[in-house]
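Scroll down for the structure; my scribbles are underneath it.
The values are calculated or read from the model by the stated rules, or taken from the named source; none is laboratory data. In this text, all values refer to a predicted model and were calculated from it rather than measured experimentally. A quick note on method: Cβ atoms are made from the backbone with ideal geometry, for glycine too, and the neighbour counts reach across all protein chains shown. Surface areas here come from the heavy atoms of the whole protein model, side chains and all, with no ligands, DNA or RNA. Shrake-Rupley method; radii C 1.70, N 1.55, O 1.52, S 1.80 Å.
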Amino acid sequence: MRLIPLCAVLLLTAGCTADKANPDKNVEAKVTKVAEAEVEASVIGKDKVSTSSATSLQLNGAKFIAASTPLAKGTRVFNPEMSQDGVLKGSFVVQSESGLDSLRTLYSIKQIAAETYRLVPTGEDIDLLVMYKSLQQDVSLRTVEIEIDYSRALATDEY
């Protein structure tokens, strides 16, 4: 008579112990799935960007995943925080109180607001990431942002 309750308690204890051991395995499985997951890129077509071959970058104060490197005009990037795709426009927006005369040899400069300028690189086959980092190190510039177009590609003709 005492064997039945004793067996029941033993089975319940074994079941609870197994539940405590499995969450670690589940967490590891979820982390593996997230690391191997693919991020959909819906800007141009329905191509997928694999996170294993993509490059993680810090641009404009946010994390981005680039489809390819080096970064060039038209490179697709994905912002996981906003879950949005974008395309690099190939230009930079900077804020500076002083003039930008020293940058005129490398960039076409257009003032777009007070102390705010758009810099378009004049060279061909340039790495935008290298230029972005060099602009960030320039002490005369307060803010440096690489321009990203978040607008979606049109699937149908609009009239």
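If residue 81 satisfies every condition in (1) modelled with pLDDT of 85 or more; (2) part of a loop (DSSP other than H, G, I, E, B); (3) under 27 Å from residue 139 (Cβ atoms) but one, which is the exception?
Failing condition for residue 81: (3).
Residues in region 29-50: is at least one closer than 19 Å to residue 150 by Cα and at pLDDT 75 or above?
Taking every residue of region 29-50 in turn, none turns out to be closer than 19 Å to residue 150 by Cα and at pLDDT 75 or above.
How many of the residues in region 59-107 are open to solvent by 60 Å² or more (accessible area, probe 1.4 Å) and over 26 Å from residue 125 (Cβ atoms)?
Number of matching residues: 8.
Could you list, in sequence order, the residues of region 114-133 that are open to solvent by less than 50 Å² (accessible area, probe 1.4 Å) and part of a strand (DSSP E or B)?
Answer for region 114-133, where residues must be open to solvent by less than 50 Å² (accessible area, probe 1.4 Å) and part of a strand (DSSP E or B): 116, 117, 119, 121.
Could you please tell me which pairs satisfy a Cβ distance under 7 Å, a separation of 6+ or placement on different chains, a first residue in region 90-102 that is over 13 Å from residue 138 (Cα atoms), and a second residue that is open to solvent by less than 10 Å² (accessible area, probe 1.4 Å) and of a type in the set (Ser, Thr, Tyr)?
Going by the 7 Å Cβ cut-off, the qualifying pairs are 92/132.
Among (1) open to solvent by less than 70 Å² (accessible area, probe 1.4 Å); (2) within 17 Å of the chain's Cα centre (by Cα); (3) not β-branched (Val, Ile, Thr), there is one condition residue 152 misses while meeting the rest; what is its number?
That leaves (1) as the condition not met.
Those residues that are among the hydroxyl-bearing types (Ser, Thr, Tyr) and within 28 Å of the chain's Cα centre (by Cα), I need them from region 97-138; list them, please.
Those that are among the hydroxyl-bearing types (Ser, Thr, Tyr) and within 28 Å of the chain's Cα centre (by Cα): 107, 108, 116, 117, 122, 132, 134.
Considering only residues of region 84-113 that are small (Gly, Ala, Ser) and part of a strand (DSSP E or B), which is farthest from residue 133 (Cα to Cα)?
113
Do the conditions hold for residue 141, that is, is it assigned to a helix (DSSP H, G or I) and touching a residue at least 40 places away in the same chain (Cβ under 8 Å)?
No: the conditions fail for residue 141.
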